[in-house]
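Enquirer: Sharing a structure below in structure tokens format, with a few things to ask.
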Amino acid sequence: MPPKPFPFPTDGYIGQPPTNFYPAADSEREKILHGTPGLKAFSALTNCTEVRGLREWNSELYAVARRGGQSILWHIDQSGGASELGTITTSSSGPVWMTNNFAQLLIVDGVVGQSGYVYTPSTGLFEKITDSNFFGAAACDYQDSYGLFVQPNSIYWFLSALQDFKTFDGSRYSKEGITDNIRGILGNQLQIYLGGFKGTEVWQNTGGDNTLPATATFQRVPGGLIKYGWGSPKAGCVFDNTVTWLTEQGQVVRIASLSPSIISTDWMGRRIHGDGITPGMSTFADAITFSYVDHEHTFFWLTFPSGGLTLVYDAKTQVWHQRSSYLTDNTAYGRHRANCYALMGEKHYVGDYENGIVYEMSQDYFDDDGHPMPGILYSKEFDGGMDPISFPNLMLMMDMGVGPDIGRDPQVMLEKSNDGGKNWVSRGWRSMGLIGEYRRQAIWLREGMDCRRQYRATITDAVKRTVLGIDTGKP
């Protein structure tokens, strides 16, 4: 008989999600668990710390990274070579917005929220927007040849001229369905999402020339008032052809045909708000999101910088998992190193949140640029009520004998808890097999009897990780 599917908490949304594992469908085992991709340094931005933004354009990368009290716009070629293009003087930390038309790259400062910058490769000029009709910008996006801008601390948004981020006509639109200021702006499928503190409005391009109110270029979509606000200015992104965002209440909402659905879980709610025992986050107003596609899976990435947590939702399996990386002092693990994302060619790139490095992120890498990347998974809780459950043996079914190097023997550690995950007892380490030891088995004997039991497995070696299932033996 095939091994039992790993009792991973996918249906109740109550249990702890895995760390650096994500589930995938399997015809025989229902679900298996794959290890998440690792990181390898691609480009080091000189004397920089936080990589604030990353954008692919014409098969090259552009990055904004902090240097002291300013930020530098960088050009990164396909070999990882980096050159400085200009300096942003108005702020030095927090995410920036980056987009482009056919000829210009637009950068909006998301912290001070008063400045926009334009880089034009054909001239090599990096310029601050100085048009007298420019109202400042708290966020930006691009759609239908227009730059889309949010006026800071207001209900207003406005457009640039066609294919010119530096020119404006002085006209504005107002978000009035719910009386709150706009935090973010996002275009998807010819519609514009205006995320406020308390609600979201949806607009669309109706083709007007914008010379009169009756011929406005954009108008509200009938029924396009969604009573979920944005939890942060970077709370939303286009995900699997939908718009998805973290709300002002700390939920994650996904919109299809103007109909919202909540995809966050009970565990996430307890982690964000606290549960009476464990304190919640002090804020999620700095949350960052992006989306990417890898190995037939589309992921929604949500990082809480202040909360030290990164959670990722998979559109294919509709299951969340956690991503975690080393802290700089190597004392523990926290949020993932990725602070921003771009796809160049068929490769994934992310910018580090504090060391100025742009990494390639790939399934071919099994650690975070030389630092261990812990893979942790939890079983569902086995609960027999008043009747003890027998656990004579336990086998963890995995791809064995896959490395990482000749002569090195990777290990997996198993722990058990009999009190709902409050305390854990080690059950010891087992070999995952030297290279070529494909028939190696990870077995723990004499697991005894308990009315309540949960298991946790941990891998820190830089090795391919695929968990096929678990067998708890016969009573």
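Read-outs: derived from the displayed coordinates by stated rules, not from any lab. Bear in mind the structure is a predicted one, so any value in this text is a computation, not a measurement. Note: ideal-geometry Cβ built from the backbone for every residue, glycine included; neighbour counts use all protein chains shown.
Enquirer: Could you work out the mean projected area of the convex hull around the alpha carbons of segment 304-387, in square nanometres to one decimal?
Expert: 8.6
Enquirer: If you don't mind, there's one more thing I want to ask. Give the cross-link partners of residue 198 among the aspartates and glutamates, using a straight C-alpha distance below 18 Å as the criterion and excluding same-chain residues fewer than 8 apart.
Expert: List returned: 176, 180, 248, 286.
Enquirer: Also, quick follow-up: Report the equivalent ellipsoid semi-axes for segment 335-475 in whole Å, largest first, defined as the square roots of five times the eigenvalues of the gyration tensor built from alpha carbon atoms.
Expert: After scaling each eigenvalue by five and taking roots: 34, 20, 12 Å.
Enquirer: Quick check: convex hull of the Cα atoms in segment 402-475, volume per residue, rounded to a whole Å³?
Expert: Convex hull of Cα atoms, per residue: 102 Å³.
Enquirer: What list do you get for 98, 400 if you sort them by fewest beta carbons within 10 Å?
Expert: Ordered from fewest to most neighbouring Cβ atoms within 10 Å, 98, 400 come out as 400, 98.
Enquirer: To continue, here is another question. May I ask for the equivalent-ellipsoid semi-axes of segment 133-218, computed as the square root of five times each C-alpha gyration tensor eigenvalue and listed largest first in whole Å?
Expert: Equivalent ellipsoid of segment 133-218: 18, 14, 13 Å, largest first.
Enquirer: Then there is this: Kirkwood Rh, Cα Rg: Rg to Rh for segment 24-163?
Expert: With Rh from the inverse mean 1/r over Cα pairs, Rg/Rh is 1.08.
Enquirer: A further question on this structure: Restricting attention to segment 125-211, which GluC sites (Glu not before Pro) occupy a DSSP loop and are surrounded by at most 11 other Cβ atoms within 10 Å?
Expert: 176
Enquirer: Using the number of other C-beta atoms within 10 angstrom as an exposure proxy, rank 183, 408 with the fewest first.
Expert: 408, 183
Enquirer: Within the chain, what's the longest stretch lacking chymotrypsin sites (Phe, Trp or Tyr not before Pro) that sit in DSSP loops with no more than 12 other Cβ atoms inside 10 Å?
Expert: Free of exposed loop sites, the longest segment is 103-437.
Enquirer: Take the alpha carbon atoms of the chain, find their radius of gyration, then divide it by 2.2 N^0.38 Å using N residues; give the quotient.
Expert: Rounded to two decimals, the normalised Rg is 1.07.
Enquirer: Nothing charged except the Cβ atoms of Lys and Arg (+1) and of Asp and Glu (-1): what's the magnitude of the dipole of the chain about its Cα centre? Round to the nearest 20 debye.
Expert: The dipole of the chain has a size of about 940 debye.
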